[in-house]
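Read through the structure below, which is laid out as structure tokens, and then see the notes.
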Amino acid sequence: MRAGDWYVWGDEEISAIAARARALMRAIQRADLAGEDVRPLQAELFGRLGADVEVRPPVQVDLGRNIVIGDRTFVNYNLTALDIATITIGADCQIGPNVQLLTPTHPVEAEPRRAKLEAARPIMIGDNVWLGGGVIVCPGVSIGENSVIGAGAVVTRDVPPNCVAAGNPARVIREVPAR
């Protein structure tokens, strides 16, 4: 699946990993509502949770373990990260509320889609990226360091470093000075 090959969701091993992720998401939500520290549970859910990271619950994932979050990153409420393929979020990022990071993709042709085939392509978000509220990042997209994606944008292709992109589909609207 991580290689981008076609697969059918639901074999025994993947189902067990997904069930564990769902149990951890529920535990995180309960702990947060009780005012408890959720970081140990989040560290168990994610593949890597960097130092000084804040991820505000709730979070929805497929597997969790394919998500890497760099140091000092802030993730606001309601992140949906479908991590069949790897999702890498760099250091010092700001992720707005209701952001969707979507690695799965499906065939355009009707028959393979009816057969429940899907594939996945990784998402890579560079260091010091800001994703505004409601941004959707599609399968296989990379966003370069220091870039800003405007609220509500749908990112269907790579965004170079040091750019501001917005719209549906997202387009680069200007460059920002590198520091």
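Of all residues being more than 20 Å from L82 (Cα to Cα) and in a helix (DSSP H, G or I) in the range 16-38, which is most open to solvent (accessible area, probe 1.4 Å)? Just the residue, please. Looking at residues that are more than 20 Å from L82 (Cα to Cα) and in a helix (DSSP H, G or I), I get R30.
Cβ-Cβ distances below 7 Å connect the following pairs, each with a first residue in the range 165-176 that is within 13 Å of G144 (Cβ to Cβ), a second residue that is open to solvent by 100 Å² or more (accessible area, probe 1.4 Å) and among the β-branched types (V, I, T), and a separation of six or more residues or different chains: A165/I173. Inspection of the range 163-170 finds no residue satisfying the criterion of being within 16 Å of the chain's Cα centre (by Cα), under 15 Å from Q94 (Cβ atoms) and at pLDDT 95 or above. Here the range 56-86 is the region considered, the condition is being open to solvent by less than 10 Å² (accessible area, probe 1.4 Å) and in contact with a Pro (Cβ under 7 Å, 6 or more places away or on another chain), and the residue that is farthest from W9 (Cα to Cα) is A85. Residues that are without any contact (Cβ under 8 Å) to a residue 24 or more places away in the chain and assigned to a helix (DSSP H, G or I) were ranked within the range 39-55; the one that is surrounded by the most Cβ atoms within 10 Å (Cβ to Cβ) is Q42. For the range 135-144, the criterion of a residue being part of a loop (DSSP other than H, G, I, E, B) and over 30 Å from W6 (Cα atoms) is satisfied by no position.
The values are calculated or read from the model by the stated rules, or taken from the named source; none is laboratory data. Everything numeric in this text was worked out from a predicted model, so none of it was measured. Neighbour counts run over all protein chains shown; Cβ positions are idealised from the backbone, glycine included. Heavy atoms of the whole protein, side chains included, go into the accessibility calculation; ligands, DNA and RNA do not. Shrake-Rupley method; radii C 1.70, N 1.55, O 1.52, S 1.80 Å.
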